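Read-outs: derived from the displayed coordinates by stated rules, not from any lab. Since the structure is predicted, the reported quantities are computational estimates derived from the model, not experimental observations. Cβ placement follows ideal geometry from the backbone for every residue including glycine, while neighbour counts extend to all protein chains displayed.
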Amino acid sequence: MIVSASFRTDVPAYYGRWFMARLDAGFARVANPYGGAEYTVSLAPEDVDGFVFWTRNAAPFADALAEVRRRGFAFVVQHTVTGYPRAVEPAAPEAARAVERMRALARTYGGRAVVWRYDPILDSTLTPPDWHEANFARLAASLAGAVDEVVVSFVQAYRKTARNLDEAARRHGFAWRDPPAEEKRALIARLACIAAGHAMRLSICAQPDLVVPGTQGAACVDAARLSDVAGRAIAAKRKGNRPGCLCHESRDIGAYDTCAMGCAYCYAVSSPAAAQRRLAAHDPEADSLSALRRRAPAAAR
C-alpha cells in the first residue's frame, strides 16, 4: 500500500510532529471527507510500500524525512514551487529557498525522490501567460539536474476556489480568469519546450484535454517512481482520485481545511482563516490529523 501525506493538506510544512507520532504508533485515523465513517490506515512497515509527501515547504520536515528513510521506507516528495506574488501566495516560502531545499533533497535522497510541481497555473493580471513563461524558465534553470519531471495543471474554478480568488483579487486589486482550452494548451506547449531543454518531462495533472505533443498525463502517486527509489518492485493498480487522474492506488491520511499556507487558488481549503484556526487548535498527539485539542472545562464559579 502507498500512503499519501497529503494532497488534502501540507503535512511536511505543518504537521510533521503529528506524522511522526502516527508512524511510531503504526496507524492513523482518517475522517472520511465525504461524510462516511472514520477509518484507520496502517502505517506499519509491513503494510506500507512507500510514502508520497506533498508540500510547498519541506524544511520543517527534514529530520522526519531522515527518520523515515532510516526506518527503511521509500518516499517521493511532490514539491510545489511557483514563485507567485504574495497577493496570491501570502505564506509560501520564497522561491529561491524552496529551490535550494529541493536540490538538497535530491542530493540526499536522489533525483527520482523529488518531483517539481508548477501547479496550478493561474492566469491573472499579475501572472499572465508571458509572465508564466519567463518565471517557469527561471525556475526550470535553477532546478536543472535536480529533478526529471515537472507536473502542471491549470486552476480549476471550483466554487470555493473562485470565492477565495475573487476575495484575494478584490483585496489586492488584480483580476483572474479561466482561459479557453486552446490558450492553455498553447502555454503548456511552450512550457514543455522549456522543460525539455532542462532534461525534464512535463506532465499534466488530471486534465487530459490539455495534453499536447511532448507532454503526458501525470501519475503523481507513481508506483514506478517509488520502485526506482526503493530499489524493488512496488505493484499498485491505477486508481485515480478524480476523472483524468492517473495516480496509482494510495491511502491519504490528511484532512481538508487544515493547510494554513493561504494560497488563494487552493482547492483543499474553504476558508483560509478557518484553516489557520484549525492549525492553532490541532492536537499533534491525536490519532487523526483533523482532531482538535479539547478545551479544558471552565472553572466552577
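Report the Rg/Rh value for region 2-280, based on alpha-carbon coordinates and the Kirkwood definition of Rh.
0.94
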Restricting region 1-70 to chymotrypsin sites (Phe, Trp or Tyr not before Pro) in coil, as DSSP defines it, with at most 12 other Cβ within 10 Å: Tyr34
Virtual spin-label span in nm between Thr108 and Glu46, 7 Å along Cα→Cβ: 3.0
Gap separating the Cα centres of region 260-296 and region 163-183, nearest whole Å: 25
Förster radius 30 Å - calculated FRET efficiency between Met1 and Ala91 (Cβ-Cβ, nearest 0.05): 0.40
Relative contact order of the chain, defined on C-alpha pairs under 8 angstrom at six or more residues apart (%): 23
Full-stretch length increase - Ala280, Arg138 - with 0.36 nm per residue and alpha-carbon distance subtracted: 47.6 nm
Amide H contacts under 5 Å for Ile2, placed H, 5+ residues apart: Asp49, Arg251
Cut-off 14 Å (backbone N to label point 7 Å along Cα→Cβ of Ala224), residues of region 238-265: 238, 246-248
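In percent, what relative contact order does region 144-233 have, based on Cα pairs under 8 Å that are 6 or more apart in sequence?
Reported relative contact order: 33 percent.
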Choice from Leu126, Leu202, Leu226 with maximal GNM fluctuation in the chain (Cα, 10 Å cutoff): Leu126
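Using a Förster distance of 30 Å, how high is the FRET efficiency between Lys160 and Asp130, based on the Cβ-Cβ distance and rounded to 0.05?
Numbers: r = 29 Å, r/R0 = 0.97.
That pair, Lys160 with Asp130, gives E of 0.55.
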The chain: most fluctuating residue of Arg278, Arg71, Arg177 per GNM, C-alpha cutoff 10 Å: Arg71
Relative contact order of region 127-282, defined on C-alpha pairs under 8 angstrom at six or more residues apart (%): 22
The chain: most fluctuating residue of Ala13, Ala141, Ala74 per GNM, C-alpha cutoff 10 Å: Ala141
